[in-house]
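Just below is one structure, and these are the notes that go with it.
Every number in this text was worked out from the coordinates using simple rules, so none of it is lab data. Not measured: the values here are computed from a predicted model. Using ideal geometry, Cβ is built from the backbone for each residue, glycine included, and neighbour counts are taken over all protein chains shown.
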Ligand SMILES: C[S@@+](CC[C@H](N)C(=O)[O-])C[C@H]1O[C@@H](n2cnc3c(N)ncnc32)[C@H](O)[C@@H]1O
């Protein structure tokens with residue numbers, strides 16, 4: 001693995017293309033709408049800002065955005081886009097990196113909390129966010145519910161994508177709440193592989209991490225349009241709040 005983590009030059013070069021469905025305005029607009037509302041007249045902090053999928057349209061809506069990002073390659077892609085130079089990026093680990101000033105909202109989308117592969121790092125991330133929020137500020141996470149119900153007894157693999165040139169499956173390690181997402185793709189006639197480790201966590205565990213950081217759950221939906229979170233939901237959008245005083 002390079003200093004850029006799993007999102008190195010090779011991955012950054014094709015990130016927008018391989019995640020194209022996540023850049024669809026139908027996906028992005030509800031995210032931005034909610035973040036605009038939560039930001040109010042304050043600033044927004046994106047953890048794992050990537051190539052600016054959410055940060056750029058949020059900034060275009062008048063919200064000052066700052067990002068924390070491990071990967072120089074991803075940040076360079078953001079900077080090269082129109083408006084990208086106006087978004088400050090701190091290169092570092094969002095579990096520990098600090099940024100000047102405070103924010104009315106911090107957000108961590110597209111399962112990125114799971115990139116922290118230990119419980120200690122995830123706890124540190126909540127504490128780091130709380131330290132950056134102004135009183136009454138919110139932390140928003142979008143993340144999948146662990147897909148264990150879809151595993152047959154004793155099974156450890158779950159296919160999440162099959163198409164003409166791309167295949168993906170998750171490999172679960174239930175003892176350690178670990179999961180490796182394996183991606184295989186045919187690029188220019190050659191097979192490429194990317195395997196990224198994650199640590200999955202239940203909503204209740206994230207609530208406890210928020211509690212340890214002095215925040216309380218304000219909302220939990222199954223999507224950005226504020227759909228109800230139910231036993232059938234495969235993901236959640238959760239909002240924790242730092243006390244107003
Ligand atoms: C799935 S991408 C999401 C990017 C962007 N938020 C989006 O929604 O398109 C995850 C991003 O988080 C970054 N990342 C992963 N772990 C990180 C960490 N510990 N600290 C900072 N950035 C991290 C990766 O480099 C990558 O750019």
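Miscellaneous remarks
- For the range 111-123, the set of residues classified as more than 13 Å from the chain's Cα centre (by Cα) and either touching a residue at least 24 places away in the same chain (Cβ under 8 Å) or within 15 Å of residue 5 (Cβ to Cβ) (or both) consists of 117, 118, 119, 121, 123, listed by residue number.
- Residue 135 being away from the ligand (no atom under 14 Å from the Cβ), surrounded by fewer than 21 Cβ atoms within 10 Å (Cβ to Cβ) and more than 20 Å from residue 32 (Cα to Cα): yes
- Residues of the range 189-212 that are in contact with a strand residue (DSSP E or B) (Cβ under 7 Å, 6 or more places away or on another chain) and more than 20 Å from residue 229 (Cα to Cα): 191, 192, 193, 194, 195, 196, 197, 198, 199.
- Residue 12 vs. criteria out of contact with any strand residue (DSSP E or B) (no Cβ under 9 Å at 6 or more places or on another chain), within 13 Å of the ligand (Cβ to nearest atom) and without any contact (Cβ under 8 Å) to a residue 24 or more places away in the chain: no
- Of the numbered criteria (1) within 14 Å of the ligand (Cβ to nearest atom); (2) surrounded by fewer than 20 Cβ atoms within 10 Å (Cβ to Cβ), the one residue 64 fails is (1).
- When residue 97 is tested against (1) surrounded by 20 or more Cβ atoms within 10 Å (Cβ to Cβ); (2) without any contact (Cβ under 8 Å) to a residue 60 or more places away in the chain; (3) within 12 Å of the ligand (Cβ to nearest atom); (4) farther than 22 Å from residue 19 by Cα, only condition (1) is not met.
Residues are listed down the side, and each one gets a yes or a no for (1) within 14 Å of the chain's Cα centre (by Cα); (2) over 11 Å from residue 47 (Cα atoms); (3) assigned to a helix (DSSP H, G or I):
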residue	(1), (2), (3)
82	no, yes, no
94	yes, no, no
125	yes, no, yes
134	no, yes, no
140	yes, no, no
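- Count of residues meeting criterion [out of contact with any strand residue (DSSP E or B) (no Cβ under 8 Å at 6 or more places or on another chain), closer than 29 Å to residue 5 by Cα and not in a loop (DSSP other than H, G, I, E, B)] in the range 31-55: 1
- Top-ranked residue of the range 101-123 - restricted to ones that are in contact with a strand residue (DSSP E or B) (Cβ under 6 Å, 6 or more places away or on another chain) and not in a loop (DSSP other than H, G, I, E, B), ranked as farthest from the ligand (Cβ to nearest atom): 104
- Any chance residue 58 is within 8 Å of the ligand (Cβ to nearest atom), within 20 Å of residue 239 (Cβ to Cβ) and crowded, with 17+ Cβ neighbours inside 10 Å: no
- The lone exception for residue 83 - which of (1) surrounded by fewer than 21 Cβ atoms within 10 Å (Cβ to Cβ); (2) closer than 25 Å to residue 2 by Cα; (3) touching a helix residue (DSSP H, G or I) at 6+ places or on another chain (Cβ under 6 Å) it fails: (2)
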